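Chemist: My questions all concern the structure below.
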Amino acid sequence: MKIYTNLSNYKSNNGTFITIGTFDGVHIGHQKVIQNLIQSANKNSATSVLLTFFPHPRMVLQKDVEIKLINTIDERIKLLKKTGVETLVIHEFNEEFAKQSALDFVRNILVNKLNVSRLIIGYDHHFGKNREGNFEQLEDYGHTYDFTVEEISKQDINNIAVSSTKIRKAVENGEIEKANSYLGYYFMLTGNVVKGKNLGEKIGFPTANLFIKEAYKLIPKTGAYIVKSEIDNKTIFGMMNIGYRPTVSGNHQTIEIHFFDFNKNLYGKEIQIDVLHFLREEQKFKSINDLKNQLSKDKLKSIEFINGISFE
């Protein structure tokens, strides 16, 4: 996959089949649209192009609304690579771009820069200043600039019955398996391992403390989770706690992972954590010993769960 973050670097003599969107989550609905795009492009010897935006438009247009995203931009790129789309264009979304009329967007970007021959959009897609552009306008512009437009039907969208909003809500509620079924993969957290206070090590449950630099990344609700990670080409399972460590009077949220049968030093490394299952709510224990006993129970439950499911 070729990636462009600056359209002035993009050049193609070939006609392009394009789809447009934020694609937060790259969920099963997005995947269907992208596969449609790739198949259509291949049949017509065209280049498949996915045009997405960063930051998320709502971050720019609704500054008072703190939206959390399912994926960081790096996670989104990683997921889009797996789809097989040939070209990814990540266009900066800023206030100047948002003021562009629908006609200017089509002419300046889709036609002059990306050489569009077919545009595939989701049902009820709007674009341009004040979301003035719609399917009918796109068809008119298509006649003028010689490209065709295909709209994914309302029925197809409803049949999938999935949206980024639904997934965000599921993650926020700790309904991880529901979120995973909508995503078509495990919800992930990606960050660097940083030093903690080593309490886990003192009680026999050493943890990797995960720091996620992207403040906009969606974090699941507080509690304990079963997780897995790929470390040195090996799948390692474990359990993760997201919370404020009330037993030891913590004052800020942490993400701590205890990996099973693993003792390598991970400080400074970037790791991806796949979240499999919600174990329990965070709770305050009367003593460190009570906490240790609960962690032992959590570990047994986690191993039972892992042994009971198959991984591809």
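Chemist: Determine the pairs where a residue that is β-branched (Val, Ile, Thr), located within segment 215-228, has a partner that is crowded, with 21+ Cβ neighbours inside 10 Å and not in a strand (DSSP E or B) with Cβ atoms under 6 Å apart, the partner being 6 or more residues away or on another chain.
Modeler: From segment 215-228, the pairs are Ile226/Ser302.
Chemist: Scan Ile273, Ile242, Ile219, Ile257 and give me the residue that is aliphatic (A, V, I, L, M) and out of contact with any strand residue (DSSP E or B) (no Cβ under 6 Å at 6 or more places or on another chain).
Modeler: The match here is Ile219.
Chemist: Then there is this: List pairs: first in segment 14-37 and assigned by TED's automatic domain parsing to the domain that holds Thr72 and more than 15 Å from Arg76 (Cβ to Cβ), second of a type in the set (D, E, K, R) and not in a helix (DSSP H, G or I), Cβ under 7 Å, 6+ apart or cross-chain?
Modeler: Sorted first by the residue in segment 14-37, then by its partner, the pairs are Phe17/Arg118.
Chemist: For segment 207-217, indicate whether the set of residues that are touching a Lys or Arg at 6+ places or on another chain (Cβ under 7 Å), over 25 Å from Lys292 (Cβ atoms) and outside the structural domain of Ser287 (by TED's automatic domain parsing) is non-empty.
Modeler: Checking segment 207-217: not a single residue is touching a Lys or Arg at 6+ places or on another chain (Cβ under 7 Å), over 25 Å from Lys292 (Cβ atoms) and outside the structural domain of Ser287 (by TED's automatic domain parsing).
Chemist: Return the residue satisfying two criteria in turn: it lies in segment 30-55 and is surrounded by 23 or more Cβ atoms within 10 Å (Cβ to Cβ) and of a type outside the set (A, V, I, L, M, F, W, C), and of such residues it is farthest from Gly122 (Cα to Cα).
Modeler: This residue is Ser48.
Chemist: Output the number of residues of segment 273-309 satisfying the condition of being polar (S, T, N, Q) and surrounded by 17 or more Cβ atoms within 10 Å (Cβ to Cβ).
Modeler: Residues flagged as polar (S, T, N, Q) and surrounded by 17 or more Cβ atoms within 10 Å (Cβ to Cβ) within segment 273-309 amount to 1.
Chemist: How do the helices (runs of 4 or more DSSP H) wholly within segment 30-102 filter down when requiring 1 or more residues that are touching a His at 6+ places or on another chain (Cβ under 9 Å) and modelled with pLDDT of 90 or more: which remain?
Modeler: Details: elements: 57-61, 73-83, 95-98.
Of the helices (runs of 4 or more DSSP H) lying wholly inside segment 30-102, those with at least 1 residues that are touching a His at 6+ places or on another chain (Cβ under 9 Å) and modelled with pLDDT of 90 or more span 73-83.
Chemist: Yes or no: Asn263 under 22 Å from Ile306 (Cβ atoms), exposed (fewer than 12 other Cβ atoms within 10 Å of the Cβ), assigned by TED's automatic domain parsing to the domain that holds Asn192 and not basic (Lys, Arg)?
Modeler: Taking the combined requirement at face value, the residue satisfies it.
The values are calculated or read from the model by the stated rules, or taken from the named source; none is laboratory data. Owing to the predicted nature of the structure, the values given are computational and were not obtained by experimental measurement. So basically every Cβ, Gly included, is an ideal-geometry build from the backbone, and we count neighbours across all protein chains shown.
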